[in-house]
1. What ranking do Tyr86, Tyr219 get, fewest neighbouring Cβ atoms within 10 angstrom at the top?
2. Identify, among Gln58, Gln18, Gly186, the residue whose Cα sits farthest towards the positive end of the charge dipole of the chain, taking +1 on the Cβ of Lys and Arg and -1 on the Cβ of Asp and Glu, with the dipole about the Cα centre.
3. Top mean-square fluctuation among Trp228, Trp262, Trp100, Gaussian network model of the chain, C-alpha springs under 10 Å?
4. Apply 1/(1 + (r/R0)^6) to the Cβ-Cβ distance of Gln217 and Val112, taking R0 = 35 Å, and write down the FRET efficiency to the nearest 0.05.
5. To the nearest 10 degrees, how steeply does helix 226-243 sit against the main Cα axis of the chain, on a 0 to 90 scale?
6. In whole angstrom, note down how far apart the Cα centers of the stretch 151-184 and the stretch 105-150 are.
7. How large is ³J(HN,Hα) for each residue in the stretch 11-19, as worked out from phi by the Karplus curve 6.51 cos²θ - 1.76 cosθ + 1.60 (θ = phi - 60°), to whole Hz, x for Gly and Pro?
8. With springs only between Cα atoms under 10 Å, which of Ala70, Ala125, Ala35 fluctuates most in a Gaussian network model of the chain?
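Bear in mind that the values in this text are calculations on the coordinates, not laboratory data. Remember, it's a predicted structure, so these values are computed and weren't measured experimentally. Methodologically, a virtual Cβ is constructed for each residue, glycine included, from the backbone with ideal geometry; neighbour enumeration extends over all protein chains shown.
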Amino acid sequence: MSKLNSQSLAVALLMGGQSAEREVSLNSGAAIHQALKALGHQVHVADGITGLKQLNKQAVDVVFNILHGADGEDGQLAAWLNLEGYRSTCVDYAAASLSWHKDHAKAIVKKVGVRTPDSQLLKHASDLIISNTGPWIVKPAAEGSSVGLFKANNEEELSKAVDNAFEVATEILVEDFIDGVECTVGVVGDVVLPVVSIVPESELYDYHAKYQSESTQYYCPANFEKQWQVELQRDAKSACKALNINGWCRVDFIIDNKGQGWFLEVNTTPGMTNNSLLPKAAAVHGWDFMQLVAQILKTADSGLPGDVHG
């Protein structure tokens, strides 16, 4: 039986880092820290990869990664942990890299029949080709927590949004706007969690709506037809399979007024703050926060050989 099934583990909790999502990671990490201790594990907090390197590698049974943004989600961390022989909650490094680059993820899930809004990748503002009358969503091609997210209703707004997005990213996506309800589906191991639907205080579910607003409303189960929810869960599972994601993640969608789901992106290290969506879905599934953390810990090390689950 793997040591991951033993009563007490030495867990390196990897949090903080230097990305634009550092504060979110620290908040997520604080909540996870409490849960891991309540579960009886010995927790070593590591601030970013530098902090992890300062720990005695031989004294670490598993790394619980909650680094958001490029620090923990672009695949490089997962590859390094795998190379060093760490067991971790990271998804496979190739799956993480594909998911981090939204344009790649969209192309892959589209091939397996999951709808996704048409988009174009820009490396320079001059690359923009306007092929319809909008509206559009402009966002970094590789970033999380809706950092640098803008909506443009006309060509003038589009040009400004592109310029603003390039202030925070070197590559951006200009995506056709889908009028509908934003929602998300969490996946932990083999469990597909209930759908969460989101009603932000303003039109966009941006960084402010996610982490700062007290007016954003969440519904779980989602506030639309059950069959539509089932189809979203199916699409989330299909997207994970297409991207070869084993472990835990959150798949984001827009559902339009016809009940059609549109894939937006996959987050391979979802937020675990009080406002985060995965814990809300887990609670409806029947897991409290501590049980959710325990289930995530069980997914550790899908990339190393051996019996992880016992």
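1. Final ranking by Cβ density, sparse to dense: Tyr219, Tyr86.
2. Final value for the positive-end residue is Gln58.
3. Highest fluctuation of the listed residues: Trp228.
4. According to the calculation, E is roughly 0.65.
5. Result, in degrees: 70.
6. 8 Å
7. Coupling constants for the stretch 11-19: 10, 8, 8, 8, 8, x, x, 10, 6 Hz.
8. Greatest mean-square fluctuation among the candidates belongs to Ala125.
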